[in-house]
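Engineer: Quick one: the structure is below, questions incoming.
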2 protein chains.
Amino acid sequence: MSAPDPALVDLLGLVAYGELLAFDRLAADARLAPDLRRRAALSEMAAAEIAHYRWLADRLTALGVTPDEAMAPYVEALQAYHDSTEPKDWLEAVTKAYVGDAVTDDFLREIADGLDAPDRQLILDVLHDSRYAEFAAAEMRAAIAADPRVANRLSMWARRLVGEALSQAGRVAAADRGGLTALVARRDGVDVSALFRRLTDAHTARMTAAGLNN
Amino acid sequence: MSAPDPALVDLLGLVAYGELLAFDRLAADARLAPDLRRRAALSEMAAAEIAHYRWLADRLTALGVTPDEAMAPYVEALQAYHDSTEPKDWLEAVTKAYVGDAVTDDFLREIADGLDAPDRQLILDVLHDSRYAEFAAAEMRAAIAADPRVANRLSMWARRLVGEALSQAGRVAAADRGGLTALVARRDGVDVSALFRRLTDAHTARMTAAGLNN
């Protein structure tokens, strides 16, 4: 077997560890739910992450790479993101899931363009189911309808989430062994600042859709 | 729609809350894993529980019962079981999963006999996949092979798990609104002490298979 593309290994390792950690944190955040129905909903969002983890880990194994080794470079930065954005209550938890899932998906959709099938398809398959975003947005809108001041609090929280994510993304890029940035650059005429602008614009539109201000 | 069988509603509520809580605790216990591979394995065991929860909750909803209401009578006893058996390390966590899953499955197999299809099939469908038990037993046997003293420590831990489970099962029976005990008694010529003896014997055989003493 020829050596696998290091950029692909880096990407799969990053996304796999992101899924493993998202599982862990969503499962913990589910305890913040005000009732068992909502707790089950967040727990199911967590379970979807671990199913996706398995696909990514299996693909790494098929490429001859140990998943643990591929994930190792990203443990610190992803852990730091979650440690610095621990939700204090249920609304912060669903807002974090809403914001984080969407930004992750937008990034993955962009980067999938630079991959060959079947890895492009694998990355598209681990995007989040839209019913989770709909659930989270409905929770946020209902809370804002009940108390309009909630919009301000969650808007500030969402800004902090994006700020922490960008700061940790910067750390990932700085620690990158060349693979991930190569993968972004591989796409025809990609402009990294334009990519970030697209991600930011999409985030802003989603915040408005959930009743938050920017 | 005619009123659903209260014994069935009780059983589905008990098992559903058991799954929801097992998800929560297994997801937390996964943090005790010595590496990411093992952490992912326990996280996947957790994810299977929440998938089963969904089937049970959907069945309750189809029967016209709110899952939260059906689960409410069992929250305290199941929570108390988990609070009193919080694993201190990875081996305690896998032992708890191994013991708890098997005893639960044995009990459900017994009680499924008293149900009509499709509920009998539903209960059989939420039994644990045997690969999880194989994973846990392999972890226990490897640890015992590396240090034979581990067998004593895990044997004591397993006895404590069963003791706590029986004590909380007694609380469930005492708090039962008549449904669950009726369901056990419904089976032809059932003898509750014989049922407990069968469950205990099967547990003893499993402990031996995993390298523990009794």
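Engineer: Calculate the FRET efficiency for B:ASP113 and A:ALA194 from the Cβ-Cβ distance with a Förster distance of 51 Å, rounded to the nearest 0.05.
Structural biologist: Taking R0 as 51 Å, the efficiency between B:ASP113 and A:ALA194 is 0.20.
Engineer: Over chain A, what is the mean sequence separation of C-alpha contacts under 8 Å (at least six apart), divided by residue count, expressed as relative contact order in percent?
Structural biologist: Relative CO of chain A lands at 25 percent.
Engineer: Please compute the Kirkwood hydrodynamic radius over the protein assembly as shown, one decimal place, Å, based on all pairs of different Cα atoms.
Structural biologist: Working: mean 1/r = 0.0426 Å⁻¹.
It works out to 23.5 Å.
Engineer: Would you mind listing the distances between the A:ALA62 label point and the same position in each other copy? Use 7 Å along Cα-to-C-beta, nm, one decimal, shortest first.
Structural biologist: Distances to the matching label points in the other copies: 3.4 nm.
Engineer: Sort the following peptides by mean Cβ neighbour count (other Cβ atoms within 10 Å, averaged over residues), highest first: A:68-81, B:92-105.
Structural biologist: Result, highest mean Cβ count within 10 Å first: B:92-105, A:68-81.
Engineer: Would you list which lysines come within 21 Å of B:LYS96, measuring only between C-alpha atoms, while excluding same-chain residues fewer than 8 positions from it?
Structural biologist: B:LYS88
Engineer: Averaging over all projection directions, find the projected area of the Cα convex hull of segment A:36-78 and quote it in nm² with one decimal place.
Structural biologist: 3.7
Engineer: On to the next question. Please give, to one decimal in nm, the separation of the simple spin-label points placed at A:ASP83 and A:MET156, each 7 Å out from Cα toward the Cβ.
Structural biologist: 2.5
Engineer: Here's another thing I want to ask about it. Averaged across the residues of A:16-29, what count of C-beta atoms belonging to other chains lies within 10 Å of each residue's C-beta?
Structural biologist: Values: counts 2, 1, 0, 2, 5, 2, 0, 8, 7, 1, 1, 12, 4, 0.
Mean partner shielding for this stretch: 3.
Engineer: Would you work out the charge dipole size for the protein assembly as shown about its Cα centre, treating the Cβ of every Lys and Arg as +1 and the Cβ of every Asp and Glu as -1, and quote it to the nearest 20 debye?
Structural biologist: 640
Engineer: Please compute, for peptide B:61-68, the average count of beta-carbon atoms on other protein chains lying within 10 Å of each residue's beta-carbon.
Structural biologist: Going residue by residue through B:61-68 and averaging, the value is 1.
Engineer: Other chains near B:44-51: what is the mean number of their Cβ atoms within 10 Å of each residue's Cβ?
Structural biologist: 6
Engineer: When the convex hull of the Cα atoms of segment A:6-209 is projected onto a plane and the area is averaged over all directions, what value comes out in nm²?
Structural biologist: Averaged projected hull area, Cα only: 10.8 nm².
Engineer: Just tell me, in residue order, which DSSP H segments of chain B are both 30 angstrom or longer along the helix axis (alpha-carbon based) and at least 0.0 in mean Kyte-Doolittle hydropathy.
Structural biologist: Those that pass (Cα extent of 30 Å or more, hydropathy at least 0.0) are B:6-29, B:90-112, B:149-175.
All of the numbers you see were taken from the coordinates with simple rules; none came from a lab. Everything numeric here is computed off the predicted structure, so don't read it as measured data. Heads up, the Cβs are rebuilt from the backbone with ideal geometry, glycines too, and the neighbour counts pull from every protein chain shown.
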